[in-house]
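The structure appears below as structure tokens.
Every number here is computed from the coordinates shown, using simple stated rules; none is lab data. Being a predicted model, the structure only gives us computed values, none of them experimental. Here the Cβ positions follow ideal geometry from the backbone for every residue, glycine too, while neighbour counts run over all protein chains shown.
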Amino acid sequence: MKWDEERLKVLRELVERGINPYPHKFNYSNSIAEIRELAKKLQNKSHDPFVFDISTVGRVANVRRHGKATFVDLFDEGERLQVYARVNELGKKYDEFLRVIGRGDIIGVKGDLFYTLKGELTLKVKEYQLLSKALLEPPDWSKLTAEFRYAHRYIDFLYNKAARRAMLKRFNIIKEIRSYLYEKGFVEVETPILQPVYGGALAKPFKTHINALDEDWYLRISLELYLKRYIIGGFNKVFEIGKVFRNEDIDATHNPEFTMLELYWAYADYNDIMKLTEDLIKKVAKVVLDDMRVKKSINGKEYEINFKAPFKKVSMIDSLSQVLGKDVEKMSDDELKRILDEIGQKPRGNLYLRGLMIEKLFDKLVADNIIEPTFVVDYPIETTPLCKPHRTKKGYVERFELYIGGMELANAYTELNDPLLQDRLFKAEVEMMKKGDEEAHPYDFDFVKALGYAMPPTGGLGVGVDRLVMLFTEDYSIKEVIPFPMISSKLTEKDL
């Protein structure tokens, strides 16, 4: 590692003098946020000190020297406090302060509060201590690329207020999701991340080897199948918020590691889940948004999305038929294939099954243009092996996806609980895998066995937490809302 030579020189000087540049602890009376709140309550704008011997900590952001006095901007947890150091109070230690303390250093200070003539709340330093010496010069924020920020998030969080706000909003959103589900009687549970059979979604997995077992296992691509095992085991309302892993593209709305909320509710169906989903998102929106509205820019056009209005509901077939200008159910398979060829698309696994062709056409011609919160319901049966067949529409399943702002945010089923049908559908997926569909669902023997012990009628839901945060923060890229997004290791080693 190449350190800043001047900073390294200061570090060595301190060590030689017996001063520890990285002490174990520092006791302080108030955070910067608490100091600002205290001053606000006192409503004292005096230029003379009005709070004495108060201490705090923070990172040095700016140093402005004026002869025998120096102003320093101190930051901690997103809050700023101006610090005033001068020779009158510090004496011989003032020169040391100028020589030793630099931008990026973490210091502790003790002194008196007052307001400058310009009305700036300021702490007049009587004592200070270096708590951690920075050996790298903080960067010029204006010159940092997005790639550098993603690869060095600790710098991004320090100097980019928008990044910090996005993270705080993310954590608040997750908190509110949990709060809502606790209120509804759901139990938060855990499922294994390493699994002998991946499942619960259609995706390529990451594979690893378990040395102790001498077996290849997988990082989970979904939380679904183990949460359903809880339902079978007698837990009627369960949820988990956790990481899942899919070996897929990295783009504005995809990251191979992402956060999912999944919940399962015994004796409910997808209609119950639809109501719960709308209630959940509206509750979160009410807490994290000022007026329950967000703005979304799509293809250069600005839209306003209102979460107060009732969510729309359309069928996949009706929405696609409207775009194509003809009834999809009356179109032949050859017609569907011809349209796919015209737009340069192929169905999943290059398998021209009717349901998969309809799904692909919907994804490419309809999904991106759904702006207002909309439940798209009733999918062709070929699209998933885990969903219960529709009770009135032959060839379809009771499934919905929620689209908002041109993004899919949620996926839900009336869950399949017939072990014989599940066995047949898993076997069909295996055949699709043999024909080249890398995202087909593998056969899960233990799960089918678990269904054999009987699973009650159940409704299930999966929500992409990162995309929900994107929506509420009005961010254009999923990387902006993931604390540490996946990015090439070459970028993490790159200097400014």
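Starting from the alpha-carbon convex hull of the stretch 244-386, give the projected area averaged over all orientations, in nm².
10.9
Quick one: Karplus J couplings for the stretch 122-133, per residue in order, coefficients 6.51, -1.76, 1.60, θ = phi - 60°, nearest Hz, x for Gly and Pro?
Calculated HN-Hα couplings, in order: 9, 9, 7, 6, 10, 9, 8, 8, 6, 9, 6, 7 Hz.
How far, in nm, would the chain grow between Lys204 and Glu188 when pulled straight, counting 0.36 nm per residue and subtracting the alpha carbon separation?
That pair, Lys204 and Glu188, stretches by 3.1 nm at full extension.
With an 8 Å Cα cut-off and a minimum separation of 6 or more residues, compute the relative contact order for the chain in percent. Intermediate results must be reported in sequence, preceding the final value.
Values: 906 pairs, mean separation 67.2, N = 496.
Once divided by the residue count of the chain, the mean separation gives 14 percent.
For the chain, what is the Kirkwood hydrodynamic radius in Å, using each pair of distinct C-alpha atoms?
After inverting the pairwise mean of 1/r, the radius is 26.5 Å.
What's the long-distance tail for the stretch 1-83, i.e. % of Cα pairs beyond 16 Å?
Of all Cα-Cα pairs in the stretch 1-83, 69 percent lie more than 16 Å apart.
Please check which bits of the stretch 358-384 a label hung off Asn271 would reach, taking the label as a point 7 Å along Cα-to-C-beta and the cut-off as backbone N under 16 Å.
It comes to 377-378, nothing else.
How long, wide and thick is the stretch 130-178, going by the Cα atoms along their three principal axes, in whole angstroms, largest first?
Computed over the stretch 130-178, the largest-to-smallest principal extents equal 40, 30, 16 Å.
Tilt of helix 354-365 relative to the longest C-alpha principal axis of the chain, in degrees (0 to 90, nearest 10)?
The angle comes out at about 40 degrees.
For the stretch 163-258, which semi-axes, largest first and in whole Å, follow from the square roots of 5 times the eigenvalues of its Cα gyration tensor?
26, 22, 11
Using the Kirkwood radius built from alpha carbon pairs, what does the Stokes-Einstein equation give as D for the stretch 37-108 at 25 °C and 0.890 mPa s, in µm² per second?
Diffusion coefficient, whole number: 183 µm²/s.
Just the Kirkwood number for the stretch 317-440, please: inverse of mean 1/r across all distinct Cα pairs, in Å, one decimal. Please list the in-between numbers first.
Numbers: mean 1/r = 0.0657 Å⁻¹.
Computed over the stretch 317-440, the radius equals 15.2 Å.
Measuring from label point to label point, each 7 Å out along Cα→Cβ, what is the Asn27 to Val15 span in nm?
According to this spin-label approximation, the distance is 2.9 nm.
Once every Cα of the stretch 5-138 carries one equal point scatterer and solvent is ignored, give the base-10 log of I(q)/I(0) from the Debye formula at q = 0.10, 0.11, 0.22 Å⁻¹, two decimals.
So the normalised log intensities are -0.31, -0.37, -1.45.
On the Cα set of the stretch 99-227, report Rg and Dmax in Å, please.
When restricted to the Cα atoms of the stretch 99-227, Rg and Dmax are 24.2, 72 Å.
For the chain, give me the percentage of DSSP beta bridges that are antiparallel, rounded to the nearest 5 percent.
For the chain, the DSSP antiparallel bridge percentage is about 90.
So what is Rg over Rh here for the stretch 236-311, counting just Cα atoms and using Kirkwood for Rh?
1.03
Quick check: convex hull of the Cα atoms in the stretch 383-438, volume per residue, rounded to a whole Å³?
It comes to 108 Å³ per residue, whole-number rounded.
Starting from the amide H of Met407, placed 1.01 Å from N in the peptide plane, find each other amide H under 5 Å away whose residue is 5 or more places distant or on another chain.
For Met407, no residues qualify.
For the stretch 277-328, what log10 I(q)/I(0) values come out of the Debye formula at q = 0.30 1/Å, with one point per alpha carbon and no solvent?
-1.02
In whole angstrom, how far apart do the alpha carbon centroids of the stretch 168-236 and the stretch 1-55 sit?
Using only Cα atoms to place each centre, the spacing works out to 43 Å.
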